[in-house]
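Below is one structure, written out as structure tokens, with a few remarks after it.
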Amino acid sequence: QSAYGLTNISSTPFASGGAPTVAIVDAYNDPNAQADLNVYRSQFGLNFQSSGSTSCTTSNGCLTIVGETGSTTSLPSSNTSWSEEISLDLDMVSAICPNCKILLVEANSATIADLGASVNEAVKLGASVVSNSYGGSEYSSETSSDTSYFYHPGVVITAAAGDGGYGVEYPAASPYVTAVGGTTLTDSPSAGWSQTVWSGSGSGCSKYEPRPTWQPTWDGKSLCPSNRTVADTSADANPSTGVAVYDSYGESGWLVFGGTSVATPLVGSIYALANNESSITGAASLYGDTSLYKVNSGQNARHCTNYLCNAADSLSGSFGFYNGPTGNGTPQGLNGF
């Protein structure tokens, strides 16, 4: 909250009945999800809607867990690796927006068909924001997946840009999502918070996705004039500056995690705090916004000298500021979201 200028904003309750729902889409079931989430929230004193309690459960309306068809009883098989991802995602929503309702949709498998169906179910169940901390290689028919799973006007969809360095992953490449890159976040007693590119952050020019109308050609300087460029924004992702997560199913106890799997639910929850999702089209509001924190150092590919992978070569102009690994910059309050 401190790093992204949200300390007072995050703790302010929403109007009665007005708390937005942040959906988390992951594969498989975490049988300890609710219990682990409440250990995390208790540790950091994260109350839900001025209840005076850190409890986030199905009974108080804070947490709902369903399978990809919306069933609360028919859940997929449990998986220790994905349970860690689930714990991470739920914890990060709570860290940024403790007053948000959380919807966890557990897909039957890690295929794009099941994960995409879970995105659709999350929207059907009323999510304002859907966070997707997964990705894979682009494929030639991905544009059909865009319309099948990720085209939801009035709902913000965030997707992880990837953890393998320079290169584009799907669904982050979709023009219907906000692609979230990663930074290294550090705090100095004298200078405060600062960020540089995390070397693992995904970025680049999509092979198959056309450039959305809201993504500029950067005054003719674009190296990707006809196709979608990744990322749009970014947040903490370096495991060396990672976040605390509590998980008792995949592991036992407190862990430190990184990756754009951290950044993606962080950014999604900031959109939810702004509570203006219905007016958002893709990542359009981030372009040209001058309030975002400009990341102008670091790179995600060796010997790279262009803005698609090197923040030192960031573009600037009438559209604002941009580089591939960190997009238009990192959150600084709610402007742009």
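The values are calculated or read from the model by the stated rules, or taken from the named source; none is laboratory data. Here the structure is a predicted model, which means the values were calculated and not measured. No Cβ is skipped: glycine too gets one built from the backbone with ideal geometry, and neighbour counts run over all protein chains shown. Surface accessibility is based on the protein's heavy atoms, side chains included, excluding ligands, DNA and RNA. Shrake-Rupley method; radii C 1.70, N 1.55, O 1.52, S 1.80 Å.
Quick notes
- A search for C-beta distances below 7 Å between a residue of segment 215-228 that is within 12 Å of Gly324 (Cβ to Cβ) and touching a residue at least 40 places away in the same chain (Cβ under 8 Å) and any residue that is among the basic types (Lys, Arg) and assigned to a loop (DSSP other than H, G, I, E, B), counting only pairs 6+ apart in sequence or on different chains, returns Arg228/Arg211.
- Matching residues in segment 288-325 - criterion: being more than 16 Å from Val168 (Cα to Cα), among the aromatic types (Phe, Trp, Tyr) and either in a strand (DSSP E or B) or modelled with pLDDT of 95 or more (or both): Tyr293, Phe321, Tyr322
- When residues of segment 234-252 are limited to those that are assigned to a strand (DSSP E or B) and closer than 21 Å to Ala27 by Cα, the one most open to solvent (accessible area, probe 1.4 Å): Tyr246
- Which numbered condition Pro98 fails, given (1) free of Cβ contacts under 8 Å to residues at least 24 places away in the same chain; (2) not acidic (Asp, Glu); (3) not in a helix (DSSP H, G or I): (1)
- Residue pairs meeting the criteria (Cβ under 8 Å; at least 6 apart or on separate chains; first in a loop (DSSP other than H, G, I, E, B), in segment 26-39; second open to solvent by less than 60 Å² (accessible area, probe 1.4 Å) and of a type in the set (Phe, Trp, Tyr)): Tyr28/Trp82; Asp30/Trp82
Quick grid of which residues meet (1) closer than 22 Å to Thr12 by Cα; (2) surrounded by fewer than 18 Cβ atoms within 10 Å (Cβ to Cβ); (3) not small (Gly, Ala, Ser):
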site: Asn29; (1), (2), (3): no, no, yes
site: Gly52; (1), (2), (3): yes, yes, no
site: Thr57; (1), (2), (3): yes, yes, yes
site: Gly61; (1), (2), (3): yes, yes, no
site: Trp82; (1), (2), (3): no, no, yes
site: Leu90; (1), (2), (3): yes, no, yes
site: Pro98; (1), (2), (3): yes, no, yes
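- Verdict on Gly52 being at positive phi and at pLDDT below 95: yes
Yes/no matrix, rows are residues, columns are (1) over 21 Å from the mean Cα position of the chain (by Cα); (2) among the hydrophobic types (A, V, I, L, M, F, W, C); (3) at pLDDT below 95; (4) under 29 Å from Pro239 (Cβ atoms):
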site	(1), (2), (3), (4)
Pro31	yes, no, no, yes
Gln34	no, no, no, yes
Thr58	yes, no, yes, no
Ile65	no, yes, no, yes
Ser83	no, no, no, yes
Ser109	no, no, no, yes
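- Hits in segment 1-25 - residues which are open to solvent by 70 Å² or more (accessible area, probe 1.4 Å), not in a loop (DSSP other than H, G, I, E, B) and not hydroxyl-bearing (Ser, Thr, Tyr): Asn8
- Among the residues of segment 22-52, just one is more than 14 Å from Val93 (Cβ to Cβ), touching a helix residue (DSSP H, G or I) at 6+ places or on another chain (Cβ under 9 Å) and of a type in the set (Gly, Ala, Ser), namely Ala27.
- Within segment 213-233, considering residues that are surrounded by 24 or more Cβ atoms within 10 Å (Cβ to Cβ) and of a type in the set (Ser, Thr, Tyr), the one nearest to Arg302 (Cα to Cα): Thr229
- Residue list for segment 194-212, restricted to those being open to solvent by 20 Å² or more (accessible area, probe 1.4 Å), assigned to a loop (DSSP other than H, G, I, E, B) and in contact (Cβ under 8 Å) with a residue 60 or more places away in the chain: Trp198, Ser199
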